[in-house]
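Data first, discussion second: the structure below is written as structure tokens.
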Amino acid sequence: MRAARLIKMVLLLQSRPSMTAAELAQELEVSERTVTRDAQALSEAGVPVYADRGRAGGYRLIGGYRTRLTGLARGEAEALFLSGVPGALREMGLEDTASAARLKVSAALLPSLRDAPRTAAQRFHLDAPAWFSEPTVPESLPAVADAVWDDRPILARYRRGPGETDVERTLEPYGLVLKAGVWYLCARVTRHDAHAENPAPGDPGAAGPFRVYRVDRFTSVRLSHHVSDHVTAPGERFTRDPGFDLPAFWEERAEQFARSILRTEVVVRLSAEGVRRLGYVVDPVSARDALSAGGEPDEQGRVTVTLAVESAEVAHTQLATLGPEAEVLAPAELRARFARDAQRLGALYSPPHPPPPAA
């Protein structure tokens, strides 16, 4: 623990002209007294740490000292590519690893470039969670992330839905996806579990399917001791399918999911403004498909489209935000509901009746 702290202290001093004891204490999460003791230990070990006295004083390296401890470990290099998503790093338990990687990169830069990480951070930031929702960090996420990094199969218990029994699956975790503040695991079901769930007697050598799981629905996760399809012995790593492409897989499954829940159709007549705003109020895939198949504008400049929606209830909520820019033509029940809404709005916004004349 102390050795790692001493290395971090050297890297911090190498990446900056000087640092006060208070700044080092904050970075290293120790007291200023501990910083003083660590500086003394480094000096005794031959690292030329010099302490400037006075109000503007601090610690610095002298004599152009350069440590050779700037080589990135594999985990640090991988975490560095995620350093633009600090919230995700914290949730996966990789914040310290990424911090060490950034320090090593800063220490290796020319002095004129050492402010690059700070200036970049002040200009670009990724805020992954959706608006108006409080993201929660799944308890099992760090364990799942470790298994993803190490290519180790896991035994996971998964909560499928209200009233349904939990299932236990041996999974080969291929990748994690953070979508609107929710974590998903893309994993391959091992052949044993896949065949137990859906036997395929004519194809005994078939690999299990790839599936998507919400990490917050895992009730337990541990490294698997089951000998899976691609693991030669318990506890060993599985061999990844070289043809698996996480971004392409996620894009395909996300579109499949979006289409799978769109089970109802409504016919809508849209103004030009309604056409422009449609993709903001309904599923973008549904809006794109509807508009591409729509006809030419009528004499009033309106376009009639057939829109796939989750349900009439959901369509009512979504299309109501378009107001007079959308006219529902079918189904009849939904059109009647919008007609009732229009009558109620008319009553609310109509001019008040004049008071009766005084007697």
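Structure values in brief
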read-out: Share of carbon and sulfur in the accessible heavy-atom surface of the stretch 271-359 [1.4 Å probe, %]; value: 59 percent
read-out: Stretchable slack from Arg5 to Ala254, in nm (0.36 nm times residue separation minus alpha-carbon distance); value: 85.3 nm
read-out: Estimated FRET transfer efficiency (Ile261, Glu29; beta-carbon r; R0 35 Å; 0.05); value: 0.15
read-out: Exposure of Glu236 as accessible area (Å², to 10), given a probe of 1.4 Å and all protein chains; value: 80 Å²
read-out: Förster radius 41 Å - calculated FRET efficiency between Phe210 and Ala22, Cβ distance, rounded to 0.05; value: 0.20
read-out: Where Rh is the Kirkwood radius over Cα pairs, Rg/Rh for the stretch 300-359; value: 1.19
read-out: Spacing of the two label points (7 Å from each Cα toward its C-beta) at Asp151 and Ala332, in nm; value: 6.2 nm
read-out: Residue-normalised accessible area of the stretch 256-337, expressed per residue, 1.4 Å probe, Å²; value: 56 Å²
read-out: Arg222 paired with Leu246, simple spin-label distance in nm, labels 7 Å along Cα-to-beta-carbon; value: 2.6 nm
read-out: For Val137, residues with placed amide H under 5 Å, excluding near neighbours; value: none
read-out: Carbon plus sulfur fraction of accessible area for the stretch 1-49, probe 1.4 Å, in percent; value: 50 percent
read-out: Separation of alpha-carbon centers, the stretch 307-341 and the stretch 1-50, rounded to whole Å; value: 65 Å
read-out: Per-residue HN-Hα couplings for the stretch 281-291 [Karplus 6.51, -1.76, 1.60; θ = phi - 60°; Hz; x = Gly/Pro]; value: 10, 10, 4, x, 5, 5, 4, 4, 5, 5, 6
read-out: Förster radius 45 Å - calculated FRET efficiency between Ser350 and Glu168 (Cβ-Cβ, nearest 0.05); value: 0.15
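The values are calculated or read from the model by the stated rules, or taken from the named source; none is laboratory data. Computed from a predicted model, the values in this text were never measured in an experiment. Please note: Cβ atoms are built from the backbone with ideal geometry, for glycine as well, and neighbour counts cover all protein chains shown. Surface accessibility is based on the protein's heavy atoms, side chains included, excluding ligands, DNA and RNA. Shrake-Rupley method; radii C 1.70, N 1.55, O 1.52, S 1.80 Å.
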